[in-house]
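The values are calculated or read from the model by the stated rules, or taken from the named source; none is laboratory data. None of the values given here were measured: they were computed from a predicted structure. All Cβ positions, glycine included, derive from the backbone under ideal geometry; neighbour counts span all protein chains shown.
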Amino acid sequence: MTSIPASNQLPEIVELKPNYTIPLVLTAAAIPIAAIQLWVGISIGIFGLFLTIQTAIIKLKFTTTALEVYRGSKLIRTFPYQEWETWQIFWQPVPILFYFKEVNSIHFLPIIFDSQLLRTCLEHYYPLPKSD
């Protein structure tokens, strides 16, 4: 996977490495929750397993012109930066959700990727205007 070079310049294509923290925490939390509320625990466990599978098969790649989403090696969606309006990573102590808005739609993705490299790529490829 791609690491940030010492010069702080990013390569033309950056593929984010997977991060299993959120799926594993959800799956582990499901066990004690199931002891208290069975169906809630089962639901959280299933969602955790779903995210684990997604983390293993979904890949994000930043290119010079777009964010690309892959399922395995197959390109399934492209989000050109020219159509973006804004982005945000929610809950900075432990990033859990990535949001970005395009001209005609909004998108939310759980942070199942390297959150530091995600932020670096976002700031590099689509820097937000500085607020006063």
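Brief remarks follow.
- Lone qualifier among 31, 44, 22 - being loosely packed, with under 15 Cβ neighbours inside 10 Å and outside any loop (DSSP other than H, G, I, E, B): 31
- Residues being free of Cβ contacts under 8 Å to residues at least 24 places away in the same chain and under 30 Å from residue 125 (Cβ atoms) - total across the stretch 22-45: 1
- Criterion (under 16 Å from residue 114 (Cα atoms) and at pLDDT 95 or above) met by exactly one of 57, 46, 33: 57
- Sole residue being under 30 Å from residue 124 (Cβ atoms), surrounded by 15 or more Cβ atoms within 10 Å (Cβ to Cβ) and at pLDDT below 95, chosen from 10, 51: 10
- Residue that is nearest to the chain's Cα centre (by Cα) [pool: residues in the stretch 112-132 that are surrounded by 15 or more Cβ atoms within 10 Å (Cβ to Cβ) and part of a loop (DSSP other than H, G, I, E, B)]: 112
- Check on residue 76, modelled with pLDDT of 95 or more, at negative phi and not in a helix (DSSP H, G or I): yes
- Considered as a group, the residues in the stretch 66-111 that are touching a helix residue (DSSP H, G or I) at 6+ places or on another chain (Cβ under 7 Å) and exposed (fewer than 12 other Cβ atoms within 10 Å of the Cβ) include one that is nearest to residue 122 (Cα to Cα), and that residue is 103.
- Filter result for residue 64 (within 16 Å of the chain's Cα centre (by Cα) and under 20 Å from residue 118 (Cα atoms)): no
- Any hit, the stretch 101-111, residues being under 18 Å from residue 65 (Cβ atoms) and among the hydrophobic types (A, V, I, L, M, F, W, C): yes
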